[in-house]
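Below you'll find the structure, written out as structure tokens, and then a few comments.
The values are calculated or read from the model by the stated rules, or taken from the named source; none is laboratory data. Here the structure is a predicted model, which means the values were calculated and not measured. Cβ sites come from the backbone with ideal geometry, for glycine too, and all protein chains shown count toward neighbours. All accessible areas refer to the heavy atoms of the entire protein, side chains included, with ligands and DNA or RNA removed. Shrake-Rupley method; radii C 1.70, N 1.55, O 1.52, S 1.80 Å.
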Amino acid sequence: MGNREDLLDGARRCIIEKGYARTTARDIAGAAGVSLAAIGYHFGSKEALMSEALLGTGIQIGDALEVALRGAPKAELLGRIWDASLTAFGDERELLAASMENLAQIDRIPVVAERLRAAQSGAVDGIAELLAEELPGLGEDDRRALAAYYFALVNGLAVVWLIDPSIVPSGAQLARLLPPPVDAADA
């Protein structure tokens, strides 16, 4: 690995061990085995590095959602997204909690805000592409709206799950209670 990758890995490890707020640039540099100056050279700031390190959590959750969506019958889409999210949250709890701390920086650190907006837009685009395969009769605007809806649900679910996972219903419960998305071909 190069210094950039070492810094990302070191930041993730420090965030898990110490938490977002208590992780210092010196901690990250030490964990990565590089100089403090490497943080500025590769990322511009500790906050930008930590934000980048935490984006990997979203990518892992997105990958889990992609697996859940592939080949899913329409009636199971929401339930599969829901359950895949819950599994991914359990696998990445510490980083998910730190991601929530990172969100609090959005109005204070422009580079974090910019990176989070780009990641969010990319995530919605990715979900919309998957929905194009699973719901081919749905128009582009409707796919994007449905993708944004699912993205918002998953992010809200993350907050609720972090606070108290015992109140979160299963995907099977939701699939029984809520109607599946309508494909234009069915209308």
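Being within 23 Å of R12 (Cα to Cα), free of Cβ contacts under 8 Å to residues at least 24 places away in the same chain and of a type outside the set (V, I, T) is the requirement here; does N102 meet it? Explain how you work it out, then say what you get.
Working: within 23 Å of R12 (Cα to Cα): yes; free of Cβ contacts under 8 Å to residues at least 24 places away in the same chain: no; of a type outside the set (V, I, T): yes.
Here the answer is no, as N102 does not meet what is asked.
Residue by residue, here is whether (1) in contact with a Pro (Cβ under 9 Å, 6 or more places away or on another chain); (2) over 29 Å from D125 (Cα atoms); (3) assigned to a helix (DSSP H, G or I) holds:
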{"position": "Y20", "(1), (2), (3)": "no, no, no"}
{"position": "T23", "(1), (2), (3)": "no, yes, no"}
{"position": "E47", "(1), (2), (3)": "no, no, yes"}
{"position": "M50", "(1), (2), (3)": "no, no, yes"}
{"position": "A64", "(1), (2), (3)": "no, no, yes"}
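Could you count how many residues in segment 74-87 are open to solvent by 30 Å² or more (accessible area, probe 1.4 Å) and either free of Cβ contacts under 8 Å to residues at least 60 places away in the same chain or touching a Phe, Trp or Tyr at 6+ places or on another chain (Cβ under 7 Å) (or both)? Outline the logic, then answer.
Residues of segment 74-87 open to solvent by 30 Å² or more (accessible area, probe 1.4 Å): 74-76, 80, 82-83, 86-87.
Retained after the next criterion (residues that are either free of Cβ contacts under 8 Å to residues at least 60 places away in the same chain or touching a Phe, Trp or Tyr at 6+ places or on another chain (Cβ under 7 Å) (or both)): 86-87.
Here the count works out to 2.
Looking for something more than 22 Å from L178 (Cα to Cα), more than 22 Å from the chain's Cα centre (by Cα) and open to solvent by 20 Å² or more (accessible area, probe 1.4 Å) - is there at least one such residue anywhere in segment 53-60?
Taking segment 53-60 and keeping what is more than 22 Å from L178 (Cα to Cα), we get 53-60.
So of that shortlist, the ones also more than 22 Å from the chain's Cα centre (by Cα) come out as none.
Taking every residue of segment 53-60 in turn, none turns out to be more than 22 Å from L178 (Cα to Cα), more than 22 Å from the chain's Cα centre (by Cα) and open to solvent by 20 Å² or more (accessible area, probe 1.4 Å).
Return yes when A38 is open to solvent by 30 Å² or more (accessible area, probe 1.4 Å), of a type outside the set (D, E) and more than 30 Å from Q173 (Cα to Cα) and no when it is not.
Against the criterion (open to solvent by 30 Å² or more (accessible area, probe 1.4 Å), of a type outside the set (D, E) and more than 30 Å from Q173 (Cα to Cα)), A38 does not qualify.
So how many residues does segment 46-73 have that are among the basic types (K, R) and without any contact (Cβ under 8 Å) to a residue 12 or more places away in the chain?
So the count comes out to 0.
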